[in-house]
Amino acid sequence: MSRQIALLRGINVGGHNAFPKARQLELARSLGFQEVSVLLQTGNLVFADPGTPPERTARRIEEGILAELGLTVPVVVRTRDELAAVVTRNPFPSAVPEPKTLHVTFLSEVPADTARLDTLDQAAFAPDRFQLRGRELYLWCPQGIGRSKLADAVGRARLGVTATARNWNTVTKLLALAAA
């Protein structure tokens, strides 16, 4: 059986959309997912899947959260192989030794319009850099994301798709869980 990774957007952040880890696990099991693991409190589910298309899995989880908790929580799902490809395609390998400086924004689909990103002058934000690769946007902020003007500018560049970010530590831990 293959594995899928569900990334829930905006839960347990700043006291909003409270959805404790134990409840996430319970909901996933109630939806029929097997071999479920929850990483951290911020909405990272890993589970066995018989081959359901990730988009359908995302809708199922969104509907389950709405029915059970009354929360509208966007969900992005990747297969284990897709997540492994995200790690392999990292355009900033020199960031790996400092994983808290590297972030991946997972997009529900390839954005149709990237004009807002394309107009950003990356040189003006150096040393921070970003790169869009398909359904992932990689952001490297060597001095930390909290101080990054590029992170703010990229975050404001609405792409018209569901997006949720994870730091490199979380990405690689999710891959390890999915590979187990």
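Here are some notes:
- Remark: relative contact order (the chain) = 25 percent; criterion is Cα-Cα distance under 8 angstrom and separation of 6 or more residues.
- Order of VAL96, VAL75 under a 10 Å beta carbon neighbour criterion, fewest first: VAL96, VAL75
- For the range 2-82, the normalised intensity computed at q = 0.16, 0.27 Å⁻¹ comes to -0.50, -1.52 (log10 of I(q)/I(0), Debye sum over alpha carbons, equal scatterers, no solvent).
- The chain: angle of helix 21-30 to the longest principal axis, Cα-based, in degrees nearest 10: 60
- Across the options ALA115, PRO93, VAL154, the greatest Cα extent toward the positive end of the charge dipole of the range 87-180 (unit charges at beta carbon of Lys, Arg, Asp, Glu) belongs to PRO93.
- For the range 89-168, the C-alpha radius of gyration divided by 2.2 N^0.38 Å, with N the number of residues, is 1.01.
- Highest-fluctuation residue, ASN167, ASN90, ASN17 considered, GNM on the chain with Cα pairs under 10 Å: ASN17
- Candidates ALA85, ALA112, ALA165: whichever shows maximal mean-square fluctuation once the chain is modelled as a Gaussian network with Cα springs under 10 Å: ALA112
- The range 2-82 - percent relative contact order, Cα under 8 Å, separation 6 or more: 41
- Sites excluded, trypsin sites (Lys or Arg not before Pro) in DSSP loops with at most 14 other C-beta within 10 Å, longest stretch of the chain: 1-88
- Loop GluC sites (Glu not before Pro), the range 44-143 (other Cβ atoms within 10 Å of the site Cβ: 15 or fewer; DSSP): GLU109
- On a per residue basis, the convex hull of the C-alpha atoms belonging to the range 21-65 measures out at 66 Å³.
Bear in mind these aren't lab numbers, they're just calculated from the coordinates by the rules spelled out. Computed from a predicted model, the values in this text were never measured in an experiment. Backbone-built Cβ (ideal geometry, glycine too); neighbour counts: all protein chains shown.
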